[in-house]
Amino acid sequence: MPGSIADFKSSFVSDVARANRFDVTIIPPTTLLTLIPVTPKKLSYRCEVSQLPGRTLATVDRKTYGPIEKMPYISTYNDIDLSFIVDGDMSIKYFFDAWLDLVNPKSTNNFNYKDDYSTSILINQYNVDNSLTYNVELIDAWPISVNQLDLDWSNDGVHKLTVTFAYTKWFNNSITNYLV
């Protein structure tokens, strides 16, 4: 039997999480900072849209006796998209173009070593009091796609650059709050 509205309201012991209370910190690879000096603070201020990463357990079907069961065999991590507000000097666009070129220089088409272009990305979620409530770190993150910026005579809006990142895994740095 469904509970009352009062029961529903009392199930919220604190305010609900807000999608607009976040920040992202990208620690650029050292090699990249010598090419395009964009600070982590500038990237954090310009990151308008982010995601908290997910995790999927890949499964295989197994049947020993009775019904077929799914058995997990590996964790997989989906790519995440970050969207950045581009400033007038296009430094954000230059930065991510240079990062892709660090992964795979157009002059040689030889891929560099992952240690040279991967980094950590920190994503923080805050509550309405601006207290940190959730914190994840993407390990060995690097851009796999820098989307186009559309040009349009009839649009007076700002450029927003979406960059897709791959990463090896992520850690929930705030999970110790729930472990005994």
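Between a first residue in segment 24-38 that is part of a helix (DSSP H, G or I) and surrounded by fewer than 17 Cβ atoms within 10 Å (Cβ to Cβ) and a second residue that is at pLDDT 90 or above and small (Gly, Ala, Ser), which pairs have beta carbons less than 7 Å apart while being 6 or more apart in sequence or on different chains?
Correct list of pairs: 35/98.
If you check 156, 129, 150, 89, which single one turns out to be under 18 Å from residue 23 (Cα atoms), assigned to a loop (DSSP other than H, G, I, E, B) and either hydrophobic (A, V, I, L, M, F, W, C) or over 21 Å from the mean Cα position of the chain (by Cα) (or both)?
Sole residue among the options that is under 18 Å from residue 23 (Cα atoms), assigned to a loop (DSSP other than H, G, I, E, B) and either hydrophobic (A, V, I, L, M, F, W, C) or over 21 Å from the mean Cα position of the chain (by Cα) (or both): 129.
Please determine whether any residue of segment 112-119 is surrounded by 12 or more Cβ atoms within 10 Å (Cβ to Cβ), more than 21 Å from the chain's Cα centre (by Cα) and either at negative phi or in a strand (DSSP E or B) (or both).
yes
Kindly evaluate residue 50 against the criterion of being in contact with a strand residue (DSSP E or B) (Cβ under 7 Å, 6 or more places away or on another chain) and at pLDDT below 90.
No: the conditions fail for residue 50.
Pick from 56, 25, 64: which is modelled with pLDDT of 90 or more and over 28 Å from residue 158 (Cβ atoms)?
56
Please work out if residue 97 is out of contact with any Lys or Arg (no Cβ under 9 Å at 6 or more places or on another chain), acidic (Asp, Glu) and surrounded by 10 or more Cβ atoms within 10 Å (Cβ to Cβ).
Here the answer is yes, as residue 97 does meet what is asked.
Being more than 23 Å from residue 171 (Cα to Cα), in contact (Cβ under 8 Å) with a residue 24 or more places away in the chain and either in contact with a helix residue (DSSP H, G or I) (Cβ under 8 Å, 6 or more places away or on another chain) or buried (at least 16 other Cβ atoms within 10 Å of the Cβ) (or both) is true for just one of 149, 138, 122. Which residue is that?
Within the list 149, 138, 122, the selection yields 149.
The values are calculated or read from the model by the stated rules, or taken from the named source; none is laboratory data. Just so you know, these numbers come straight off a predicted model, no measurement behind them. Ideal geometry is used to build each Cβ from the backbone, glycine not excepted, and the neighbour counts take in all protein chains shown.
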